[in-house]
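A quick write-up on the structure given underneath.
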Amino acid sequence: MVLHSIGGFLVHKMRDPVLDNTAWLKTYYYYYCYFLCRFLICGSGDSVKVFSTSTEECVHVLEGHTDQVTGVALNPANHLQVYSCSADGTVRLWDFIDGILIKTFIFGYPILSLYVSEKHAGNFQLLALHLPKVPDQEVEAKDMFAVLCDISPNPGSTAFGQGGEYIASALGLRLNVYFFRKQKTYRFSLKATDKKGAKNAFTCVACHPKDDCIATGHEDGKIRLWRNFNQKKEYTYSTQHWHHNAVSSLCFTPEGMHLLSGGVESVLVQWHCEEVNKKDFLPRLGGAISHIAVSSDGQMYCTSHSDNKINIIHCSFKLSAVIQGLVKGNIWTDLVIDSRTKALVMNGRPGHLQFYSLQQDKQLYSLDIVQQEYIYEEGLDQFEVMKAVFDVRGNWLATVEERGRDSDLEFALKLWGFNESAQSLELNTTITAAHQDRITSMCFSPSTETTMLVTAAKDGQFKVWLLGTDSETQKEQASWSCDFVGSYHGLQPTNCCFSSDGSLLAVSFEEVVTVWSSDTWGLLTTLCQPPGPIRELCFGRLSCSKYLACLHLAVTCFLFDKLLEHVFVFRPSEPRPLFTQKAVCEGKVQRCVFAPRAEPLDSCDERFQWLNRSRLYYLTEKMELLSFSTQTEDERILKSRKQLLVDDSVAVTPFYLLLGKHRRQQEEEDKLNFMTNQVSERTQHPQASVAVKEHVLFFFFLLLKIIVLKIVLFSFIQYGTSLEEEWRDTQSKLLEV
Amino acid sequence: MGEFKVHRVRFFDYMPSAIRALAFQPQREKIAVARTSGSVEIFNCADRFFQEKIIPGREQAATEALAWVGDRLFSAGLNGVISEYDLENQKVKYTIDAFGGPMWTIASNQQGTHLAVGCEDGTVKLFEVCEGKIQFEKNLAKQKGRILSLSWHPSGSRIVAGMMDMIRVFNTETGQSVHRLLVERGIGASRSVECVVWGVVYLSDGTIISGDSSGKVKIWDDLTGTLIKSHQVTKWDVLALSVSQDETSVVAGTSEGTVVQFQFLSVVLGQEDKEWVQTRIFKNHTHDVRAVLELGTAVVSGGMDTQFVVRPLLDKIEERGPECVLRKIQFPHRSLVSCAKKAGLLLFQYPGHLELWRLGESDGHGASGSVLPVKRKPEKLLHLKIKGEEHICCSAVSPCGEWIAYSTVASFRLYRLHCDNNNVSITKVSKLPKVLSSANQICFSSDSSKLFAASTCSSVHVVSLSQTVHKFVCTLKPKSGETLLTTAVHLLAASEDGKWLASANSDREVQIYNLTKMKLHSTVPVYNSGVTAMAIHPTTNNLFMVHADQQVFEYSIEEKKYTDWSRQVQRNGLHYLWLARDTPVTNVTFNPKNPTHIILHDAYMFCIIDQTLPLPDSSSQFYNQLTLRSLPEKDRTKHSHAFKMCKTFKELMFVELMEDQSLVAVERPLVEIAAQLPAPVRQKKFAT
């Protein structure tokens, strides 16, 4: 009874790269009656989390593994203990009630999954591990024997049979059944395809707990029930077909009355073993079902989804609890901080925006933007939220949803207003043809007098939208309408940005930055910088508000580089980076955002003072949300958790390890100047508004390749100075006006 | 291969009738098939399911069930009579009225001593099987409601009857009802409708398995009379059940067109406790499966969609062979079309009438594969309805197109056709010789001067035809040696020069008669597979035979031995793809212009065998026509072999070469047959 979930519950630490088999984390659901509480245990990143199924709260985080946790299984001898295995080659035994590590077994090889059988003399059975090299018969610390070679790395494709008599494993088109007593393997093969176009490859396996019956899921959505598999020829199977795509997980209930299956359709299907044609459905569970688990008393089912969600379902087929992590998926929107909830807002479920609380590390809610039923099928072109922007006070949200390619592009601009009475965002205006072509950028005006939105699109225009006054539309709600359309020499606008007081609007047209007055909509000035088209555009704030930063990118260098990512933190007034962190993760950093802290740190370390008020979160290609934390912070977290330290390495968090590893590099970087004198200025502002602005407040972040760095820095410095001079000129001109 | 002008004939509206019942004879491995038209067909399982015998049906026969008792075949029908069939002469031997109203079922016990029939009035009647007849013995306790299905316990002491809403178990000794098992009705709207138990099976361990109209297969215990398990197999009806000989597998036919298999498996491996578990589902039918048979190595099913389907159970078959393929038999294994080569007429045989068509004409020339313009459209000259209830069993048109003959079980009729341009008239030939009371097969000599009619006991009557006088010449009889040949002739072939006549019967014997001496000339060595088609070569007078196992033989009549070519074929062996063809060759014809060419066809292809070319060996590409076409002229001879296959046509019923070198191909596309079937039960399909 093991459940797999996709990791990415907010991971605060950096860690070594994980294996390629995309994060097969396991969750384990367990019912313990003496305490009358129920726990769900799941692997998440390199830790094991214990959730309460009734309150959905995380009870414990079992930390110690140094790599992806790949499997969790209950100790059959003691139901208060749980085994976990990890790609770091260790198996650990935990007391999950108290959150204590009891034992560590060390194996040399990365372990991809773990299966436990009650009948096998107390200790758990390890399967032959799927490794490029065939596992040795003898490995230190434990004698183990290779049961089956050449098994699938997918944990769902192997299962113990009734009473631990045999083990069934499927790989490709073959089902292997190994009988422990006879020490004999039976192999059953299917044809790759048949005349009717069935795709017969196995995807998962489950064994009936009471009968000798193996259920296998297949690529084309069929489920086969195998019997008589101790015979070479006279084996037999029956076929059931409901899923239209591959069956990703199968699970029998403990008494064998039902078989649960799930797939990409996100529908949990309950098959009645007695009456084959009868089945129950639980649709719209979330993302594709990646794993199903059943509690040992059969009272609760549990599904984990590809979008980092765990549903806990009562056996009467009613959803009882939802544990939602950071939804994985394609991210098109920028990382945005909602100033009301302090939540991180980004793409969530298809067609939705998720509001993710960084403090509580859980999803607050999901806002349906598209408001259309999502069809779980590959290759369908469905509406997706591409852009999302909040205004400064969090009263308005503008979203853009898109569907289709360049020729048949459909998109809609939606404006959502915050309803005070309902305490939620409500759809105010839908503009279906806001522009002729794709919207590339939009921003709200930070000015308090008018509620104004600027959108820039590929059709060469930028438009200013204003909220109409209530009196015009009488009783009805005020809606948005277009106020001004601007363009510049037919060039395509790429970015737009308001100054912090809302008086100036900067719109970049390829290599040219145009500055417009928001009162008269007159073009004030143009700034031109030839190295390349402008990627990003942002006004400085507060003391740095005189700066306008543009990021030019030598595109050729950027695209083909797959080196590790580096993070640089700059102060606008300084040409050199304030903070540099090399190798923050594997792959590219997709997005990053400064998020305000709930309570400011009072770190005196100069290097990390920029972290005092806000925190930098960044999202990697693998959809892991990472952040920097200071050493003192880590220590505080550690103190708050009760931990029995078995060996020293366990107590040290991976970030600590990583810091140590990079210390030598950092020593050099330490010589860089770190400027922190902005803090004093900021504290003068009221606390709320600081928090609101913080995500764009302080520093410009630049995510660059080291190769490009010099060129860019050079241009930046140049640009900064020239801009400053021009800017002063403009300022004085304005003053004169 | 040569070029032919092809008449692509699609106006033969042949419509097979639905299969109603199946019965298996385990000793001889024969399957009897009853159709709704009342005809009964015998298939030989050992001989690639060759359709050996056809007993023509009759109006209002309404055969509902079949039962074998040893080698004897009985049927019961809604007309209220039990019939026994004379399988040798392919007709009904006698009928006996059961006096219980319409009968739904008939079952024989394993001992072969008794027959039980279930009647509309609620009685199960037992008949004792005697030599040459059956005799009423007793009624079992009369019940309310009709008896729809019956099954004997293998010991013969008990019998189970499926009825409306219930199942009854009777003791055959006392005739009393032992158990009354109530079957619940379907849910929803069908709650008000009685549940019909369409099929029951009584196993030797006392288990009763039933299939009913609520779509359930139920497993009962006869000791306690309780339900053990119920399987919801379909939303509609379970119509038929059959158990294998070793009682480890049961198949159920449903209205959805599926056949569901249940197997008696140990739930925990290695333990004795076994359970009936639903395993495989075979979907080979579009309509109701009215009858199923579990043969152990295959599941045979038939139903409303008229197909006879043999689905092999590969796990029970030891070695790969011709029995490993799925067979769907749609067409009869004998020709329903005869052709007047000289006059360009086609005679189509329907169960109740004959149609005579004149082929169209075209004088156009076109590229290979192109459609030629039709100068004269094909014309239906004649629609000849038969008198009486019996269906036609054979028919023929003479090569000159002047004579039409047909025969039912009861009568033989010969007509003369007068054809002056647009005026077609026929006259019935009266005063036929008395001996011609019925025929199993009819054939005309090539000059239309003689008529050959195959009759009982493998004899062939010869009648000379002329404008005025129709004279009975003689009866050709095979040598009545030690064993008297009794089975009916199903194929006749006359030679072009009028000297020879060959006959083949369902005992696989082929006799050749000398027509000048009017006596038996020789007997072809018996081969262990039935002859499906044969013809005598016009120039060499070699008899060319194709058997059900796809073997071809050429027998020189004059020399009384197989020809060199035939021996070479046997030595070399035929190509495995040829041997794997799953429909028998139903017609052989020759090309007079090209004496080395033999034209033959089965349901999916027609083929020209060129005897001058080398035989294909197993490594050569068998279906090589497309490859050859792509090769340059020089290389073609190197790659070509004797078998030239053509698959351009849809399901073929008949192929013949006319005198004007045009080829007639009578097609009957299966989609057209399917279009004429009633609508199947509605099923929800994905994405509809």
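Some notes on this structure:
- Put a plus charge on the Cβ of each Lys and Arg, a minus charge on the Cβ of each Asp and Glu, and nothing anywhere else: the dipole of region B:516-598 about its Cα centre is then about 200 debye.
- Scalar couplings 3J(HN,Hα) for region B:513-524, obtained by applying the Karplus form with A = 6.51, B = -1.76, C = 1.60 to θ = phi - 60°, are 10, 8, 7, 6, 8, 6, 8, 5, 8, 7, 10, 6 Hz; x denotes Gly and Pro.
- Solvent-accessible area lost in complex, 50 Å² minimum, residues of region A:218-250 relative to chain alone, 1.4 Å: A:R227, A:N228, A:K233, A:E234, A:T236
- Interface size, chains A and B: roughly 1800 Å² of accessible area buried, both sides included, 1.4 Å probe, rounded to the nearest 100.
- Pairwise FRET efficiency - B:A367 versus B:R416, Cβ, R0 = 35 Å, nearest 0.05: 0.25
- Estimated dipole of region B:379-421 in Debye, rounded to 20 [Cβ of Lys and Arg +1, of Asp and Glu -1, Cα centre]: 80
- Rounded, prolate or oblate (a/c below 1.5 giving rounded, otherwise prolate when a/b exceeds b/c) for region B:26-114 by Cα gyration tensor: oblate
- For chain B, accessible area per residue (1.4 Å probe, heavy atoms of protein chains only), Å²: 42
- Diffusion coefficient of chain B by Stokes-Einstein, Kirkwood radius over Cα pairs, 25 °C, 0.890 mPa s: 91 µm²/s.
- Taking all protein chains as they are arranged and a probe of 1.4 Å, the heavy atoms of B:T540 leave approximately 70 Å² accessible to solvent.
- The mean sequence distance of close C-alpha pairs (under 8 Å, at least 6 residues apart), as a share of the length of chain B, puts its relative contact order at 8 percent.
- Largest-first ordering by accessible area, 1.4 Å probe, given options B:W357, A:W332, A:W465: A:W332, B:W357, A:W465
- With the simple spin-label model, which puts each label point 7 Å out from Cα in the Cβ direction, the B:Q625 to B:M518 separation comes to 4.6 nm.
- Converting phi to 3J(HN,Hα) with the Karplus coefficients 6.51, -1.76 and 1.60 and the offset θ = phi - 60°, region B:10-27 yields 10, 9, 8, 7, 5, 10, x, 9, 5, 7, 10, 8, 10, 9, 10, 10, x, 5 Hz in sequence order, with x at every glycine or proline.
- Coil-residue trypsin sites (Lys or Arg not before Pro) of region B:482-572, DSSP, other Cβ within 10 Å capped at 15: B:K517, B:K560
- Relative contact order computed over region B:46-113 (Cα-Cα under 8 Å; 6+ residues apart), in percent: 30
- A straight chain from A:E57 to A:I97 at 0.36 nm per residue would run longer than the Cα-Cα distance by 13.0 nm.
- Residues in region B:247-284 occluded by at least 30 Å² - accessible area, probe radius 1.4 Å, against chain by itself: B:L265, B:V267, B:V268, B:L269, B:V277, B:Q278, B:T279, B:R280
- Remark: the B:T540-B:D617 segment gains 25.1 nm on full extension, using 0.36 nm per residue and subtracting the alpha carbon distance.
- Efficiency of FRET from Cβ geometry, A:V322 and A:D501, R₀ 60 Å, rounded to 0.05: 0.90
- Listed cross-link partners A:K318/A:K362; B:K428/B:K471; B:K450/B:K561; B:K519/B:K560; A:K191/A:K233 are compared with a 24 Å cut-off, the Cα-Cα value being larger for B:K450/B:K561.
- For region B:448-556, diffusion coefficient by Stokes-Einstein and Kirkwood Rh (Cα), 37 °C, 0.692 mPa s, µm²/s: 231
- Separation in nanometres of the label points that stand 7 Å from Cα toward Cβ, at B:Q467 and B:N594: 4.0
- Accessible surface of A:F281, taken over heavy atoms with a 1.4 Å probe and every protein chain present, rounds to 90 Å².
- With both labels modelled 7 Å from their Cα along Cα-to-Cβ, the B:A679 to B:A189 distance reads 1.3 nm.
- Shown here for region B:1-52: GluC sites (Glu not before Pro) in loop regions (DSSP other than H, G, I, E, B) with at most 11 other Cβ atoms within 10 Å, namely B:E3.
- Both radii are taken from the alpha-carbon atoms of region B:289-421; with Rh as the Kirkwood radius, Rg/Rh is 1.14.
- Theoretical FRET efficiency, 1/(1+(r/R0)^6), r = Cβ-Cβ of A:D437 and A:D381, R0 22 Å, to 0.05: 0.80
- Of the trypsin sites (Lys or Arg not before Pro) in region B:307-414, those whose Cβ has at most 10 other Cβ within 10 Å and which sit in DSSP loop: B:R320, B:K375, B:K387
- In order along region A:305-313, the Karplus-derived 3J(HN,Hα) couplings, from 6.51 cos²θ - 1.76 cosθ + 1.60 at θ = phi - 60°, round to 10, 5, 8, 6, 9, 10, 9, 10, 10 Hz, and Gly and Pro are given as x.
The values are calculated or read from the model by the stated rules, or taken from the named source; none is laboratory data. Keep in mind that this is a model prediction, so the values were computed, not measured. Using ideal geometry, Cβ is built from the backbone for each residue, glycine included, and neighbour counts are taken over all protein chains shown. Surface accessibility is based on the protein's heavy atoms, side chains included, excluding ligands, DNA and RNA. Shrake-Rupley method; radii C 1.70, N 1.55, O 1.52, S 1.80 Å.
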